[in-house]
Amino acid sequence: MTEPREDSHSGNTGLRDILETDLEIFFEQQQDPQANYMAAFTAENPADENAFTIKWAKILGDENIVKRTILYDGRVAGHIVKFEQFGEPEISYWIGKAYWGRGVATRALALFLEVVQERPLYARVAKDNIASTRVLQKNGFTIIGEGKGYANARGEEIEEYIVKLE
Ligand SMILES: CC(C)(COP(=O)(O)OP(=O)(O)OC[C@H]1O[C@@H](n2cnc3c(N)ncnc32)[C@H](O)[C@@H]1OP(=O)(O)O)[C@@H](O)C(=O)NCCC(=O)NCCS
């Protein structure tokens, strides 16, 4: 894996290493019902702070997981991670609702794809998460398959797209 570069910035969106103090903002961003519905494959109980703390301690302690805080105008707008799932490198991201619709996710993913140069890369997205599907497609990911999985935020099994960046 390529070593992460120095903090990268372009326009108002940038990435930096995650600070412990960012976590309370991520937790707050994780509470939004609309965001949970979109993301679908979420924490069983987004309000469970203990589960959140355990999950993030694992992420921060795992050097194989590449993770960054997304900044917008210097403020913590969200996070983006690359981890292994089913033996393949997969990406995931979450933007706080206050920052939606400004191209933050699109730009953050573009910056992250410079940090993580491993290919192919995969992502899984609920079929009805049109915004995230757009973000991925604008960054070169293409739909290569479909799947089904239990979505905690929906309380049922839903369909998803599997997307890949060659
Ligand atoms: C999905 C998410 C990351 C998008 O973040 P964002 O910063 O608002 O995204 P951007 O502004 O970069 O781009 C969103 C794109 O989707 C489009 N879009 C947004 N809502 C849409 C909708 N309901 N229908 C169609 N297109 C939509 C936007 O127009 C834009 O595309 P465009 O540039 O072609 O116009 C953000 O809403 C989020 O974090 N949601 C909760 C967590 C989540 O879903 N994570 C992804 C899991 S796979």
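Things worth noting here:
- Contact map, segment 60-82: first residue outside any strand (DSSP E or B), second residue open to solvent by 50 Å² or more (accessible area, probe 1.4 Å), Cβ cut-off under 9 Å, separation 6 or more or different chains; pairs are LEU60/GLU20; ASN64/MET1; ASN64/GLU84; ILE65/LYS58; ILE65/GLU84; ASP73/ASN12; GLY74/ASN12.
- Candidates GLU166, GLU90, filtered to the one that is among the acidic types (Asp, Glu), more than 18 Å from ALA39 (Cβ to Cβ) and in contact (Cβ under 8 Å) with a residue 24 or more places away in the chain: GLU166
- Identity of the residue in segment 135-162, in contact with a Ser or Thr (Cβ under 8 Å, 6 or more places away or on another chain), under 18 Å from GLY78 (Cβ atoms) and not small (Gly, Ala, Ser), that ends up farthest from the ligand (Cβ to nearest atom): ASN139
- Restricting attention to segment 53-79, the residues that are within 15 Å of the ligand (Cβ to nearest atom) and surrounded by 18 or more Cβ atoms within 10 Å (Cβ to Cβ) total 10.
- Listing of strands (runs of 3 or more DSSP E) fully contained in segment 88-166 that carry 2 or more residues being open to solvent by 40 Å² or more (accessible area, probe 1.4 Å): 88-95, 142-151, 156-165
- Meets criteria (of a type outside the set (A, V, I, L, M, F, W, C) and either surrounded by 13 or more Cβ atoms within 10 Å (Cβ to Cβ) or at pLDDT below 95 (or both)) for ASP7: yes
- The one condition in (1) within 25 Å of GLU157 (Cα to Cα); (2) part of a helix (DSSP H, G or I); (3) open to solvent by 60 Å² or more (accessible area, probe 1.4 Å) that ALA35 fails to fulfil: (3)
- Neighbours by Cβ (under 7 Å, 6+ apart or cross-chain): first from segment 94-113, within 22 Å of ASP17 (Cβ to Cβ) and more than 6 Å from the ligand (Cβ to nearest atom); second open to solvent by 70 Å² or more (accessible area, probe 1.4 Å) and at pLDDT below 95: ARG107/GLY11
The values are calculated or read from the model by the stated rules, or taken from the named source; none is laboratory data. What you see is a predicted model, and the numbers here were worked out from it, not measured in a lab. In this analysis, Cβ positions are derived from the backbone assuming ideal geometry, glycine residues included, and neighbour counts consider all displayed protein chains. For accessibility, only protein heavy atoms count, side chains too; no ligands or nucleic acids. Shrake-Rupley method; radii C 1.70, N 1.55, O 1.52, S 1.80 Å.
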